Amino acid sequence: MDIQNEQSVKRKKSFLQKESGLIWRSKPFLYSAGAVLLLALPLLVSNSYTLHILILSLLFAVLALSWNLLVGYAGIFSFGHHAFFGLGAYVSALVSMKLGISPWLGLVLGGLAAALAGLIVSLPVLRLRAAPYIAIVTLAFAEIIKLVASNLVDLTRGELGLNGIESFDKIGPISFTLAHRESSYYLILLIMLMTVFIISTIMKGPIGFALKAIRESQDAAESLGVNVTRYKLFAFVVSSCLAGVAGSFYAHYIHTLTPTSVMNIDVMMQILVITLIGGLGTIIGPIVGSMVLVIGLEYMRFLGDYRMMIYGALLVVVIVFLPEGFMRKLFPKAKDL
């Protein structure tokens, strides 16, 4: 009897351990815990500089999430995503400075301008099927946009940059100036959560299934009646719009813009590395990757030039040993994180 009781206790203990493991590995738990942590972070931060780094982390999370919609879910290897970020930033800043339009409306206009640019560039790009050609064409598009912004000196002031860009208008007692970074943090957090909601909703519906089918095999998707061009256009436009909204926020948060700061290839490389570290084709991955990379690099500045060596070494390690990203490695049984 004692042996049977002992075996029964062990079975119950094993069952409880298994169940608890499933709970903390489940998507609802991960999403809820992550949201609570992000909401509480400003209360735990003691200085404005750290809060600034957290804001940049969330900003790049939005960019990585939007790019991941193209690459991770639709299989479109675009290397010109930073162009839409820059377009959104410049459109929002210019309509605010030149036309006196509210930055809140600029947030929408920046997203729409980026979406329109995404639609225009995607029409010829999506005729290409080979990933290297798509990457080259989109990268060339981004360089053209950067050169145009640099040379339209009368409008953009070129590399002298736009200075004195207005902050977002106050909402009652809530101010969005540099002295009130908490408000900016919660605004970009809201934008990020909306981005997560939009992408999650898309991927759970028929459009998401179509995009995944296209990613796996365009020929097979076409044979099943999927309109490949239409769904690719949809992914490109939505992704570009989200990047443009992120750019608009950046312009009214930083208050200064130059073509190099928002349209340089460094921005694209950072988006790429963040997504690879977190995990392609995941929702949480780009958010975690952004936190790890942006915060990690910022707090390694004391290493000087060695910081970039570590950055490169980290990328090599991830590609070789964790090609699926941290989130896929940590939660192999959790599908579509």
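Some notes on this structure:
- Taking 0.36 nm per residue of separation and subtracting the current Cα-Cα distance, fully stretching the chain between Lys204 and Leu160 would add 11.3 nm.
- Estimated FRET transfer efficiency (Leu128, Leu272; beta-carbon r; R0 30 Å; 0.05): 0.95
- For the chain, lysine pairs with C-alpha atoms less than 24 angstrom apart, excluding pairs fewer than eight positions apart on the same chain, total 25.
- Remark: the chain carries a charge dipole of roughly 920 debye about the Cα centre, counting +1 on each Lys and Arg Cβ and -1 on each Asp and Glu Cβ.
- Look at where the Cα atoms of segment 159-199 and of segment 103-121 average out, and the two centres are 17 Å apart.
- Counted charge near Ile265, where neighbours are those whose Cβ lies closer than 13 Å (Asp, Glu -1; Lys, Arg +1): -1
- Structure-derived Rg and Dmax of the Cα atoms in Å - corresponding label in (i) 21.8, 90; (ii) 41.1, 200; (iii) 20.2, 57: (i)
- Packing, taken as the mean count of other beta carbons within 10 Å per residue, orders the peptides 83-92, 292-301, 232-241 from highest to lowest as 83-92, 232-241, 292-301.
- Residue among Leu272, Leu303, Leu58 with the largest mean-square fluctuation in a Gaussian network model of the chain, springs linking Cα atoms under 10 Å: Leu303
- Full extension of the chain between Tyr31 and Leu105 yields a length gain of 23.6 nm, computed as 0.36 nm times the residue separation minus the alpha carbon distance.
A short reminder: the numbers here are calculations on the coordinates, not readings from a lab. The structure displayed is predicted, hence computed values, not measured ones. Using ideal geometry, Cβ is built from the backbone for each residue, glycine included, and neighbour counts are taken over all protein chains shown.
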